[in-house]
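> Dumping the structure here so I can ask a few things about it.
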Amino acid sequence: MNFHGTDVRQKAITLLRGGARNADVARSLNVPLGTIGYWKHLDRAKRGECPGRHDPKCPRCDGRDLDEPAYSYLLGLYLGDGHISHYSEHRVPNLMITCTESWPGLMNDCEAAMRAVFPANSICRVRRTGCSNVKVYSKHLHCLFPQHGPGKKHERRIVLEPWQQSILDAHPWEFIRGLIHSDGCRITNWTTRVVAGERKRYEYPRYFFTNVSDDIRRLYTDTLDRLGVEWTLCARDGNPFNISVARKASVALMDAHVGPKY
């Protein structure tokens, strides 16, 4: 069993009182996250600052203000690479977005969106092989993501509620960015053409979005249509799961508002 001395504990308390997150303190001092949380609880109790019942307000149930641009982006991430689950040992469900480790900027944007949408809730990152799961815990996840249901998303209808559609209409590029950051990419294609009798290589940028759900692809393409972005359907192996944006003007629009993952 590992025991941590008074100096380590005091360093942790100093960092926590300064506003550092439990997870950051745990990593910097190589102390288990649960121990850090326990030390913080004891320190707050000793100072009479124990918060008691923690019951964050919900935009849908309680009328709390909702950061709509952040929500539109987070909705795109959820429809692409997110899912909601409720472990038996946890009091509340969690929303988890899986992000590849090679895109740290995407993980930062995902966490920032979660904190903006759920400013009073618990958020963490769980590292896995080659990726990290960015998670937020809230009993109101089903209020904000009513598309949740049993089974995989492509096996059930995905229809936005009117209030969600209003947010998407007001912040369409954030939604597109979330979808591309989850199930899309920006690549460089190439082809050859004959110029003055000589065959030359020609490269051009292109955006792809791939999702098995007909409903999610339709949300993507309907939003592109409203934004004036031209797209084409690319069937592979007979499956119409890929949406391509390759026209120069449309790629320029996507570059201005979305850009590649980073």
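The values are calculated or read from the model by the stated rules, or taken from the named source; none is laboratory data. Predicted model only: the values in this text are computed from it and were never measured. Every residue, glycine among them, receives a Cβ derived from its backbone with ideal geometry; neighbour counts consider all protein chains shown. In case anyone asks, the SASA skips ligands and DNA or RNA and just uses the protein heavy atoms, side chains included. Shrake-Rupley method; radii C 1.70, N 1.55, O 1.52, S 1.80 Å.
> Out of the residues in region 98-128 that are touching a Ser or Thr at 6+ places or on another chain (Cβ under 7 Å) and open to solvent by less than 20 Å² (accessible area, probe 1.4 Å), which is nearest to LEU75 (Cα to Cα)?
Step one: list which residues in region 98-128 are touching a Ser or Thr at 6+ places or on another chain (Cβ under 7 Å), which gives 99, 101, 107, 118, 121, 125-126.
When the remaining residues are screened for being open to solvent by less than 20 Å² (accessible area, probe 1.4 Å), the result is 99, 107, 118.
Numbers: CYS99: 15, MET107: 15, PHE118: 13 Å.
Out of the qualifying residues, it is PHE118.
> Taking the condition more than 25 Å from the chain's Cα centre (by Cα) and at pLDDT below 90, does ALA45 pass? Walk me through how you get there before you give the answer.
On the way: more than 25 Å from the chain's Cα centre (by Cα): yes; at pLDDT below 90: yes.
Spelling it out, ALA45 is indeed more than 25 Å from the chain's Cα centre (by Cα) and at pLDDT below 90.
> Condition first: surrounded by 15 or more Cβ atoms within 10 Å (Cβ to Cβ) and without any contact (Cβ under 8 Å) to a residue 60 or more places away in the chain. Now tell me which residues in region 245-262 satisfy that.
VAL245, ALA246, ARG247, SER250, VAL251, LEU253
> Would you check if TRP190 is in contact with a strand residue (DSSP E or B) (Cβ under 7 Å, 6 or more places away or on another chain) and either outside any helix (DSSP H, G or I) or closer than 21 Å to CYS110 by Cβ (or both)?
Considered against the rule, which asks whether it is in contact with a strand residue (DSSP E or B) (Cβ under 7 Å, 6 or more places away or on another chain) and either outside any helix (DSSP H, G or I) or closer than 21 Å to CYS110 by Cβ (or both), TRP190 comes out as yes.
> Take the residues in region 95-132 that are among the acidic types (Asp, Glu) and in a helix (DSSP H, G or I); name whichever of them is nearest to PHE145 (Cα to Cα).
Initial filter on region 95-132 (among the acidic types (Asp, Glu)): 101, 109, 111.
Filter again for in a helix (DSSP H, G or I), leaving 109, 111.
Numbers: ASP109: 19, GLU111: 17 Å.
Here the answer is GLU111.
> (1) open to solvent by less than 80 Å² (accessible area, probe 1.4 Å); (2) in contact (Cβ under 8 Å) with a residue 12 or more places away in the chain; (3) more than 20 Å from the chain's Cα centre (by Cα): which one isn't true of LYS57, the others all being true?
The single condition LYS57 does not satisfy is (1).
> Now a separate question. Out of (1) open to solvent by less than 70 Å² (accessible area, probe 1.4 Å); (2) of a type in the set (D, E, K, R); (3) modelled with pLDDT under 95, what's the single condition that is false for ASP215?
Single failed check for ASP215: (3).
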